[in-house]
Amino acid sequence: MSINVCDLQKVQIGFQGFELESSCVYDFLQSFNGGDDEAPRVGYYFGSDLPGIVTFSGNTSYLKFTSDVSITYSGFLGFYKFV
Ligand SMILES: [Ca+2]
């Protein structure tokens with residue numbers, strides 16, 4: 001998922017709930033400072049620790065969720081806003 005805002009704003013994301021498998025290699029979420037997963041990575045999230053609020057340095061951010069074929073946790077509930 002790509003989030004884009006106008007040039008004068010930045011993207012900020014946060015989470016109200018987060019519950020993925022505890023291993024970092026099975027189910028995980030990544031965030032990138034740009035329009036795709038080739039951009040510099042900002043965060044790598046897994047397990048049940050609630051990630052802190054992330055403010056991206058530019059006006060474009062990219063979120064990528066990866067999961068495997070077995071064991072499903074409840075997932076995550078996040079929000080984004082423009083700052
Ligand atoms: Ca899994």
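The values are calculated or read from the model by the stated rules, or taken from the named source; none is laboratory data. Note that the structure is predicted; figures quoted are calculated from it, not measured. Glycine gets a Cβ as well: all are built from the backbone with ideal geometry, and neighbour counts include every protein chain shown.
Points to keep in mind about this one:
- Filtered residues of segment 47-72 (kept if surrounded by fewer than 15 Cβ atoms within 10 Å (Cβ to Cβ) and assigned to a strand (DSSP E or B)): Thr55, Lys64, Phe65, Thr66
- Being in a strand (DSSP E or B) and either within 24 Å of Thr72 (Cα to Cα) or touching a residue at least 60 places away in the same chain (Cβ under 8 Å) (or both) is a property that Tyr44 has.
- Failed item in (1) crowded, with 16+ Cβ neighbours inside 10 Å; (2) modelled with pLDDT under 95, with Phe18 passing the rest: (2)
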